[in-house]
Amino acid sequence: MEIQWSLVLFTVVSGAGAWLFASSMIEALAKKDELPTKVESIVAFVLLAVGGCLSVTHLKHVDRILEALNHPTSGIFVEAAMIGVTCALIAIYFILLVRGSSNGILTGVGLAAAVVGVIFTFACGASYMMDARAVWCTPALPAAYGLTAAGLGTAVNLLMKAAQKREAASVSLAGLLALIGSICGLVVSAVFLLGAREVVVALAMPWTVALVIAAVVALACGAVAWKKPELGLALGVVATAGACIAAIAMRVAMWLVGTPLLDFFLMPLD
Amino acid sequence: METVAQTSISRRGFVKLGMFASAVAAMAGTATSNLIEVEPALADESGETQKIRTICRACLNNCGIIAHVRDGRVVKLEGDPDDPMNKGAACAKGLAGIQALYNPNRIKYPMKRVGERGSNQWERISWEQAINEIADVMWEYYQKEGPKCLVTSTGGGGNPQFFSPARFLSVWGGGNFFEPGCAQCYLPRNHMEFCLNGTADTSLADGPVTEVYLPDCQTKTYVMWGVGPSTHGIGSTGRVVTELRNNGMKTVVIDPRLTPDAARADVWLAIRPGTDVALMLAWMRYIIDNDLWNKEFVTKWSNLPFLVNEETRLTYRADELGLGSHDEYVIYDNKTKSVKAMPYPFDESLDPAMFGSYELPNGKTARTAFQIMKEHVDEWTLEKAAEVCWLDAGEIEEAIKIYVEGCPNAGISLGVATDQARNSAQAAQGDAVLDILMGCIRVPGAIVQDRPCYVEPCNYVVQPFGLHHPDHPLKMPEAEANARLGYTEHKGLGHWLASHIPTVLKAIETGEPYRPRIWIERSGNKLAMIGNASRFYDAMMTTDLNVHMYMHWTTTSVCLADYVLPTAEWLETNYAQDRLNTYAIRRACTQLYEAVDECMHWSWLAAALAERGHQRAIDSFNPDIAGKFYGTYWKTYEEYMDYVGYFVGSFYYGTEDWDWATFDAQAPSEYETIEQYANKSYDSHLEPDENGLPVGFHTTSKRTEPYFDGNILLGLTGAVDGSGSMDPATDVFPASDNYNPLPYYLEPFESPVEGDPGYDANYPYVLTQGRLPVFHHGTLRNTPWTRELWPYPEAWINPETAREIGIEDGDWLWLESKRGKTQGRARVTKSVAPKVIYQERFWNPELLDSDDPNRAWQAMNINLLTQNNDECPFNDVYGTYTLRGVCINVTKADGAPEGVWTEPKDFTPWLPEPSENTGGGNAVYGA
Amino acid sequence: MPSMARNCIVVNLDRCIGCWSCEVACKLENDVALGERWNKVVQVEPFGEFPHVSTYWLPTMCQQCEESPCTHVCPTGASYRDEQTGMVLVNKEKCIGCKYCMMACPYGVRSWNEEQQVVEKCTLCNHLTAAGEKPACVKNCCGTARYYGDLDDPNSDASKALAAADADAVHKLPDVGNHPLTSYILSSRFGEWRVDDLTQQTSKYVTTEGSVD
């Protein structure tokens, strides 16, 4: 079926924001770096917000958006709610950070933002688990959504750490996280696509190839940065690009193979 | 000055208007862009909706329709649940009536060509100017060259008043009338089946098959031979056949194409196009060989026991042999072992030999007609038919058995397919012979029944003067009638007062035997419907005056016409129609622009000729001469409507004082009970005449005449009912070749069979056509809903053949015959046999405004491939040319023809253009 | 159990003659734009060995699912089940045009109104049925193949059509937990139900044996 670009970009961009913040929190919890910085918080917030706005461009009647309050159990409502909560928590975190709150409070709020954000990235994929589209109806789909977002978010984190000239240990861990993120993203994407291999071969082969190459590039960059953090900036740039392409390719492939059970009206979605 | 090119600008303007209209409607809470109510609760507040009971004319079936009219506009159509035939059903064609009515492509006013013929430059003129200018040319040629200068024509599509061109010719006093149907559609069946069975033809689409609509219909087996109820009069025919089939009636469908009815048949015989008569002969042989024929009926009520003169091939009359009177025929009596006269109706003391050869009192020998038939069909084994028809012998046998099991409560309907090839007359004969052999006539459940409109005007209230009254002063003079082009060779055409199209074209091309100058045409698009359309176009470009009467711009108007006169859609006309025991009414729901019922076009032309001194035209307005039965020509539409009311009253309700208002006040209503209607047919030949004898059948012998020696007389004398003098009046009617009393098979002139003389390896595939449920003839190619459903003609190709040619589903194709090439789009399907290609007629109104309007009839029109030329032989009796079963080649094309519309949104410019009720042409012109 | 009606259309495929009258009737009644549709008749391409092929025409429209995925995924409740009639309907004024319902529909029988930028679908002509009339596609059907009514009401046309059919002739479109209400009657005399085996090639619907490759 037709590629829904605004939905592709929505989940990629907002997913990057959520996982950037989460990666930064992981580094802090691993005591390899401080808690997420102002810049990191702002970037994560902006990515989430821009992503959210991109999702709205998919709608034809934004003026009626408040009608969504009528049906608070739908996938779209849940996604919107979670992106809103994540943004709010990051905003609170930022304010607390600016006001110099204690590490304990910051860690608590930051952890909450990271957890909700990460769940959000999986929820984005879960919304597509529709019985009507058998190839989508697998847990591998939300996993691929969440973990390709993780691949991208961790790569952005690597880039940010290097750009902020953090300690080598921090950049090194960021490289490791990027490696793990992209490996996970690649593995679950592969599981998802292998589950639909016949249609993938028929309809989405170029994007699948792009996904694999881009993810391998990203994970290779992560691996090198892990061992050679001094190259972090360049590797971060390349890893971000690769992971971004991989995340996009996974989603595009998903749309292309999303044939419904029966499609009698052949009514295009755009 | 208004040109069609400018019209295209206004069409774009219309799109904007449409968008504006829907924007307004959206604000008002109702969407009326298509003049359709969506939320009646709101819509009802805008004005009262009137529900008008009327009858459709999107095809020939006249289904009952309820038109919803609000503020003078038709806003909705639906089937009339109280109609006895369609019972509420309405098909896509009928429902698209709104889009035809309000189509921006309507011819709205009389128009006169201002550029070269075919340049599509037009000037709007008044009705008065149009009628007078046309009449001037007619009168000039009439005085100079006589009535032969005129050719009129009509067609089955687009609300025709079938007989009005022939009616006009009877007043005009001569000339030629043609219809692309006629010899190619319905005339062979309508005439020949009636001649043989003395009762009625078997066309389901055209109305005579009434039995199936009766409550508790007894039909056990229905053989649909080239008949597609689901694709022609669908609301009536499709509905009723479905009903019966689901209630257990068995069906056999013989059709090259897997139609919806073929798909549900107990046996589908996917016959090779053009070979039907071969199959019929095999059925006849099987029935005779296996002694399955109806002894009682055939012995007593057919001419098969009669002895036949081996020289003249006519059945002997008793007086020829000194055995009895002229009215009696001759049989061989098994009891007395002697040749005897058979008195009418039947002498029970005689035991006629059905088969054999016997010595006559004059020493000659003679065979019975049945013996001749038996020998005639002897070569047609199931195996031979299977080979010729590309069928399986076992399945042919199974089909015959299913038919025979149902007999006599069974029957065969013959569709248009066989009318469209050189074996047309023989197929009609074969159909009639089979039902006669099985006694499937005038018994409950039989298809052949004695209640339809074989002589009653019924469908055809408006008739040529003198049709049923040979001495009528306005009947076409005999010498002129005999001079009709092609009539001498093909006398069956006389039954419909028609001329032979290829001979008309030849006369225009060569001036021999005389040159027609003026062509007045009233139908949709001859260039799409006539065989070998290029030849037709070339000929008609050379005439001196072409007038086109129609509702919509077509290639006939744009490419050929000098004057274009707007006629009325069925929703704008008043008429009458029987629906079984009910008489229904067509009521004008609105009248747009200056369009007017065609009966007024012809009336106005007659009036203008009368003004110029044309005596017969003057007489046609004189009630003392014209008479009440035919009515005068009409000065106003009201006069015409009153005539229709009078006719229905006098013919059906036994009252002489009806006018339109009386009819309108009670229609539709029953003119007899359904029981009377049903029962009047059963065994009606046994009803006593004034002498107490059974009335018999409507034939010369009063028996059915499966051995139709009347065919010989038809050729010799032109007597269309097969009677006629024993002495041919050759001085008046030059003899044709003797027509054959028995059906005989001719291989299609162009044959796909390797080794046949007609085979050409360059054209290895055989093309057939067939009806689609969304179009009727050339109509509805410009109504968005129907074109959206079927945007381009599909060429159906069996997967095996597709592989052979190297084409895939959806490929655009070139189809080419010896006469031309055109395009279609491949549908690779098991709905047709290998080597058989199906494509329906098509034309593209969207190309009318292109740089080359001729492409509108050339781009995707299989009639560029069909036959209408002397090289390809015609049927002897009717002059039928070949539309189905021509040989073609198929190749892959690069793409669709340039500029054709294929996507739903493409048809937006044809969405309805809201228009007021103006009263039509009657409001601005009256003679 | 809530006493909600189960209104739907039942189609007797033994009687559907593929004439598309229902499509035009629907467009006329509901002002459905060109290229859009609330109902569509597709032909299951002839399958089997020529000439012993089998084919039937399959009218498709909203199947009025009991577990309707469209209403579940709709973020605004624009796709909803009417309390009174049990009908799955669209309130176009609430529709934000996200098209999730179109993705969730297992049969692709929802339509996109390009002019209004909202999702639409078969309403069972509820403006007519509320007034005691039949839906336009039902009353104009040339094969008398369509029946409307409440399956819980044994006297409805839909219930009677089902009751009159052999149990083994009653079929449904493949059910992925959505429980479509619409039933299709196809008896072995006229055809073989092959929708589970149906794949789509361009605009054609073919079974494995009907494949034209």
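Before moving on, here are some points about what is shown:
- Compared with the alpha-carbon gap, the fully stretched path from B:Lys680 to B:Arg124 is longer by 194.8 nm at 0.36 nm per residue.
- Chain lengthening between A:Val85 and A:Thr57 when straightened (0.36 nm per residue, less Cα-Cα): 8.1 nm
- Note on C:Lys160: aspartates and glutamates with a C-alpha under 15 Å away, same-chain residues under 8 apart excluded, are C:Asp150, C:Asp152.
- Computed log₁₀ I(q)/I(0) - Debye formula, equal Cα scatterers, no solvent, chain B, q 0.04, 0.09 Å⁻¹: -0.18, -0.94
- Take each residue of peptide B:289-297, count the partner chain Cβ atoms within 10 Å of its Cβ, and average: the result is 0.
- Diffusion constant of segment B:609-664 at 4 °C, which comes from Stokes-Einstein with the Kirkwood Cα-pair radius and 1.567 mPa s, µm²/s: 110 µm²/s
- Sequence-distant residues sharing a close amide H with B:Val75 (under 5 Å, placed H): B:His68, B:Val69, B:Arg70
- Pairs exceeding 26 Å between alpha-carbon atoms, taken from A:Lys165/A:Lys227; A:Lys60/C:Lys139; B:Lys340/B:Lys374: A:Lys60/C:Lys139.
- Ranked B:Leu467, B:Leu258, criterion: other C-beta atoms within 10 Å, fewest first: B:Leu467, B:Leu258
- Here the translational diffusion coefficient of chain C follows from Stokes-Einstein with Rh set to the Kirkwood radius across Cα pairs; for 20 °C and 1.002 mPa s it amounts to 121 µm²/s.
- Each residue of segment B:49-66 was assigned a 3J(HN,Hα) from its phi angle through the Karplus curve 6.51 cos²θ - 1.76 cosθ + 1.60 (θ = phi - 60°); the sequence is 8, 9, 9, 9, 7, 9, 10, 6, 9, 5, 10, 8, 7, 6, 5, x, 9, 10 Hz, with glycine and proline shown as x.
- Loop-resident trypsin sites (Lys or Arg not before Pro) (DSSP state other than H, G, I, E or B) in segment C:113-213 with no more than 15 further Cβ atoms inside 10 Å of their Cβ: C:Lys172, C:Arg189.
- Rg/Rg_globular for the protein assembly as shown, with Rg_globular taken as 2.2 N^0.38 Å and Rg from C-alpha atoms: 1.07
- If the Kirkwood radius is taken over C-alpha pairs of segment A:127-207, then at 10 °C and 1.306 mPa s the Stokes-Einstein diffusion coefficient equals 114 µm²/s.
- Average Cα contact separation per residue, segment B:601-669, under 8 Å, 6 or more apart, as relative contact order %: 19 percent
- Relative contact order of segment B:64-165, defined on C-alpha pairs under 8 angstrom at six or more residues apart (%): 12 percent
- On the basis of the beta-carbon distance and an R0 of 41 Å, A:Ala234 and C:Asp175 show a calculated FRET efficiency of 0.15.
- Simple label model, 7 Å out from Cα along Cβ direction - B:Asp756 to A:Ile42, nm: 8.7 nm
- Think of it as helices only: each DSSP H run of n ≥ 4 in the protein assembly as shown is worth -39500 (n - 2.57), and spread over all residues that comes to -11000 deg cm²/dmol at 222 nm.
- For B:Lys835, a cut-off of 22 angstrom between C-alpha atoms picks up these lysines, skipping any fewer than 8 places away in its own chain: B:Lys384, B:Lys818, B:Lys821, B:Lys892, C:Lys204.
- Number of partner chain Cβ atoms within 10 Å, mean per residue of A:129-142: 3
- Two-decimal log10 I(q)/I(0) for segment A:5-256, as the Debye equation yields it once each C-alpha is a single scatterer, q = 0.13, 0.14, 0.17 Å⁻¹: -0.76, -0.87, -1.20
- Among A:Met25, A:Met250, A:Met205: highest mean-square fluctuation, GNM of chain A, C-alpha pairs under 10 Å: A:Met205
- Axis of helix B:637-652 versus longest Cα principal axis of chain B: the two differ by about 30°, to the nearest ten degrees.
- With N counted as the residues of segment B:128-197, its alpha-carbon radius of gyration over 2.2 N^0.38 Å works out to 1.38.
- Scattering curve values for segment B:397-453, log₁₀ I(q)/I(0), Debye with Cα scatterers, q = 0.14, 0.22, 0.25, 0.30 Å⁻¹: -0.40, -0.89, -1.02, -1.15
- For chain C, the longest principal axis of the C-alpha atoms and the axis of helix C:21-30 are separated by about 10°.
- The mean sequence distance of close C-alpha pairs (under 8 Å, at least 6 residues apart), as a share of the length of segment A:5-256, puts its relative contact order at 22 percent.
- Shape call, segment B:268-314: gyration tensor on alpha carbons, a/c limit 1.5: oblate
- GluC sites (Glu not before Pro) restricted to DSSP loop in segment B:599-682 with at most 11 other C-beta within 10 Å: B:Glu656
- Per DSSP, loop chymotrypsin sites (Phe, Trp or Tyr not before Pro) in segment B:312-344 with at most 15 further Cβ within 10 Å: none
- To the nearest ten degrees, helix B:393-406 and the longest principal axis of the Cα atoms of chain B are 90 degrees apart.
- Shielding by partners, peptide C:187-199 (average Cβ within 10 angstrom, other chains): 1
- The value given for segment B:810-927 is a Kirkwood hydrodynamic radius of 17.4 Å, derived from the mean inverse Cα-Cα separation.
Values quoted throughout were computed directly from the atomic coordinates according to the rules given, and no laboratory measurement underlies them. Being a predicted model, the structure only gives us computed values, none of them experimental. All Cβ positions, even for glycine, are placed from backbone atoms using ideal geometry, and neighbour counts span all protein chains on display.
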